[in-house]
1. Any idea what angle helix 325-354 forms with the longest principal axis of the chain, computed on alpha-carbon atoms, 0 to 90 degrees, nearest 10?
2. Between residue 3 and residue 89, take the C-beta separation as r, use R0 = 35 Å, and let me know the FRET efficiency to the nearest 0.05.
3. Please give the residues of region 11-44, grouped as numeric ranges, whose backbone N is less than 14 Å from a label point set 7 Å along the Cα-to-Cβ vector of residue 217.
4. Using 0.36 nm per residue, how much length does the chain from residue 330 to residue 60 gain when fully extended, once their Cα-Cα distance is taken away?
5. Can you give me the distance in nm between label points at residue 104 and residue 290, each placed 7 Å from the Cα along the Cα-to-Cβ direction?
6. Compare 141, 292, 206 in a GNM of the chain, Cα atoms joined below 10 Å, and give the one with the largest fluctuation.
7. Using 1/(1 + (r/R0)^6) with R0 = 22 angstrom and r between the beta carbons of residue 68 and residue 208, what's the FRET efficiency to the nearest 0.05?
8. Which FRET efficiency value, to the nearest 0.05, do you get for residue 235 and residue 337 by plugging their Cβ-Cβ distance into 1/(1 + (r/R0)^6) with R0 = 35 Å?
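Derivation of every value follows stated rules applied to the coordinates shown; laboratory data play no part. Model, not experiment: these values are computed from the prediction. Positions of Cβ are generated from backbone atoms using ideal geometry, with glycine treated the same way; all protein chains shown enter the neighbour counts.
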């Protein structure tokens, strides 16, 4: 029902953390402060959001996670981590059971919120397994734990709906967004809060004489003007409709690479997808990290004129929302060239291991 403006996704999530702690103090639950993130989840680079994120390289030698308020559950990456014969729904049920076990172990009265991206962006464009959020949300409701949807990557059409929450049936208590709010032409982010939280902030302001939070450039008029124009353009050009129109070409084009000897899996939604590189498809045995196969594919794609991002041995695709079907065809052609070049350079030994 209300919005707080900041400059970056990190600040939006950091503001959400502060608001959650403030909210629980005001409603007489001062022990309810722990936050649950997910391994490989990404929520920002401040001390708090990097602690919440499940990215080891962002924490190593930064003395993070900071304190004991940050907890993590498994990465719901079905292809990588499902057990033999386990369906997506069964895998989701196992992830939900792990979450509930953590809550019971720590004590629900100590846990304030669960943070999740509808699609994990920084983790490698990882879509949730079937039924995942349907099983997670009732657990959070039962234990009075807030759900924060990090829509910094998914928001404004990326998944084929205005919000990733619409795509996956999520009803969050707080929603954060940035990036596409201004098409990245100006630094602007937002933390959207529900009415009960907003009412608590008002009560706190009356108690303390003011609301002691804000950023110098949060809601800067130039950034907000760009944001308003960006939203108008999205509506005028029906960008969500455009994403839906070109998404099949994008997803089918990448799915065709499942038969490539380097590719173990391809999954995506809307205009975001991840291509998993695998040494042995039959056993889902990955390449040794020292081989840096993802970086090799990334570099070969660059040589072919295509900019992609390697996240470990996973190639993430988040093309501009204005991409056309013809450009998607060209993208897939160049990606194929990059894959073939990487496969050729790996050498007989690595190729034999992958076969």
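1. The answer is roughly 70 degrees.
2. According to the calculation, E is roughly 0.50.
3. Under cut-off, by backbone N: 11-12.
4. Between residue 330 and residue 60, full extension yields 93.3 nm more.
5. My value for the distance between the label points is 4.2 nm.
6. Among 141, 292, 206, the largest GNM mean-square fluctuation belongs to 206.
7. For R0 = 22 Å, the calculated efficiency reads 0.25.
8. Result of the calculation: an efficiency of 0.40.
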